[in-house]
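Enquirer: Before we start, here is the structure in question, set down as structure tokens.
The values are calculated or read from the model by the stated rules, or taken from the named source; none is laboratory data. This one's a predicted model, so the numbers in the text were calculated from it and none came from an experiment. Cβ atoms come from the backbone with ideal geometry, glycine included; neighbour counts cover every protein chain shown.
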There are 2 protein chains.
Amino acid sequence: MTLALYDLPTSPNARKVRLLAAELGIHYRRVELKMGDLQSREYLRLNPNGMVPTINDDGFVLWESAAILKYLAAKHPERGMLPSGQKELAKVDQWLFWFSGHVEPALDQLAWERRIKPYLGQPGHDPTLIAAAEAALNRFLQVLEKQLMAKDYILDKLTIVDFATAPRLEHAPTFLEFDLFHYPNIIAWIERLQKKPYWKDA
Amino acid sequence: MTLALYDLPTSPNARKVRLLAAELGIHYRRVELKMGDLQSREYLRLNPNGMVPTINDDGFVLWESAAILKYLAAKHPERGMLPSGQKELAKVDQWLFWFSGHVEPALDQLAWERRIKPYLGQPGHDPTLIAAAEAALNRFLQVLEKQLMAKDYILDKLTIVDFATAPRLEHAPTFLEFDLFHYPNIIAWIERLQKKPYWKDA
């Protein structure tokens, strides 16, 4: 077993990788870090951002969860989690970059203001930052809500796009106090994924 | 000529596509939009985010600049702007997602506060949002600065990663009032790209 996953138990980005690994039946060695380990010299040599997840696949080090999902899915082409046609691949990229560039920064901002800063003893709860994040979420989640109309998954079938996105949104109501009430298609899609036998415990 | 690029002259994200098209010698039809066109029903059918760039390649519609760069580069594999090995591809993805998820949201925030909101007659210049954006930039640009140490390009040779990133950073000092003074490797890399004969006018 040569694949190592550097992980924080609370990181939704690391969880994306654990979920895809469960779906694909990929075995890996989980290296559980603590918050304080992220800035250690040793870890920064692997990932200079001091973030998780990072994988080390027999000496090949890779960070950024979406890049890791693509890399792992490409190693198992028979499972079809990453389509092989140029146009289908481009649509995977489109939705991954859309989420990474528009939705996740807003989720991150909410997480910092409502959870991480208070946890670190900083005030957090800045109304300006929270309002900006919520406005961005409401703008872009409408696009996802429409995309999921009459569809089971974001693309025509289950792909890594679902693994890159749903794990960040499913805890938004409880963890980030961001209600998904206005997004019934998004709620139904998350519930569909939650029925996977490994979903809860990955 | 069947490739159309929907473009705003002032959009740095659309400019990434124009620059790569110039590098690859790709001909396209440029559809120049105005700010007001982005929310038109016709354009929202192409790109439900109301953003540029969007391409229409003989009926195949694609948005998100990084996805477009990958798609166009993959159509010209002989030019090597997108490596073909799984690990090399994964490193391209890593840096694209890193930039899209960490650096660009901060650049966007500065652009909105310092340029776009004032242009739209809104106050903008919110000190909390500007400070958060500058802190993120200073955190993540250190990672890029280190990556560019003793290297001409972000990866081992010129790739779409450079096209996805440099066009957003080169005008940061003048347009966003964000100084790159502390990042000499980044400055030298941008100047290297600016020597391309098409760079100034693309």
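Enquirer: Any chance you could count how many residues in segment A:74-130 are under 21 Å from the mean Cα position of the chain (by Cα) and either of a type in the set (Ser, Thr, Tyr) or under 18 Å from B:Ala66 (Cβ atoms) (or both)?
Expert: Counting residues in segment A:74-130 that are under 21 Å from the mean Cα position of the chain (by Cα) and either of a type in the set (Ser, Thr, Tyr) or under 18 Å from B:Ala66 (Cβ atoms) (or both) gives 21.
Enquirer: Does A:Leu193 count as assigned to a helix (DSSP H, G or I), at pLDDT 95 or above and buried (at least 17 other Cβ atoms within 10 Å of the Cβ)?
Expert: yes
Enquirer: Which one of B:Glu113, B:Glu134, B:Glu104 is modelled with pLDDT of 95 or more, out of contact with any strand residue (DSSP E or B) (no Cβ under 6 Å at 6 or more places or on another chain), more than 12 Å from chain A (Cβ to nearest Cβ) and under 26 Å from A:Pro127 (Cα atoms)?
Expert: B:Glu134
Enquirer: Among A:Met81, A:Met35, A:Met1, which is modelled with pLDDT under 95 and touching a Leu at 6+ places or on another chain (Cβ under 8 Å)?
Expert: Unique residue meeting the criteria: A:Met35.
Enquirer: Look through B:Lys91, B:Lys87 and report the one residue that is more than 7 Å from chain A (Cβ to nearest Cβ), over 19 Å from B:Met51 (Cα atoms) and at pLDDT 95 or above.
Expert: Unique residue meeting the criteria: B:Lys91.
Enquirer: Going by the conditions given, is B:Gly50 surrounded by fewer than 22 Cβ atoms within 10 Å (Cβ to Cβ) and either at pLDDT 95 or above or of a type in the set (A, V, I, L, M) (or both)?
Expert: yes
Enquirer: Moving to a separate point now. Among the residues of segment B:173-187, how many are in contact with an Asp or Glu (Cβ under 9 Å, 6 or more places away or on another chain), modelled with pLDDT of 95 or more, assigned to a helix (DSSP H, G or I) and not polar (S, T, N, Q)?
Expert: 2
Enquirer: Kindly provide the set of residues from segment B:57-77 that are more than 7 Å from chain A (Cβ to nearest Cβ), loosely packed, with under 15 Cβ neighbours inside 10 Å and under 18 Å from B:Arg45 (Cα atoms), ordered by number.
Expert: Residues satisfying the conditions are B:Asp58, B:Gly59.
Enquirer: If you check B:Glu23, B:Glu88, B:Glu42, which single one turns out to be of a type in the set (Asp, Glu), under 30 Å from B:Leu120 (Cα atoms) and assigned to a helix (DSSP H, G or I)?
Expert: After applying the criteria, what remains is B:Glu42.
Enquirer: So A:Gln94 ticks every box in (1) closer than 17 Å to A:Arg168 by Cβ; (2) in the same structural domain as A:Gly124 (by TED's automatic domain parsing) but one. Which box is left unticked?
Expert: So the condition that A:Gln94 fails would be (1).
Enquirer: Please state which of the following conditions A:Met35 fails to meet, knowing it meets all the rest: (1) more than 19 Å from B:Arg139 (Cα to Cα); (2) among the aliphatic types (A, V, I, L, M); (3) in contact (Cβ under 8 Å) with a residue 24 or more places away in the chain.
Expert: Every listed condition holds for A:Met35 apart from (1).
Enquirer: Here is a follow-up. What is the one condition in (1) outside any loop (DSSP other than H, G, I, E, B); (2) of a type in the set (Ser, Thr, Tyr); (3) out of contact with any strand residue (DSSP E or B) (no Cβ under 7 Å at 6 or more places or on another chain) that B:Thr10 does not satisfy?
Expert: Going through the list (1) outside any loop (DSSP other than H, G, I, E, B); (2) of a type in the set (Ser, Thr, Tyr); (3) out of contact with any strand residue (DSSP E or B) (no Cβ under 7 Å at 6 or more places or on another chain), B:Thr10 breaks only (1).
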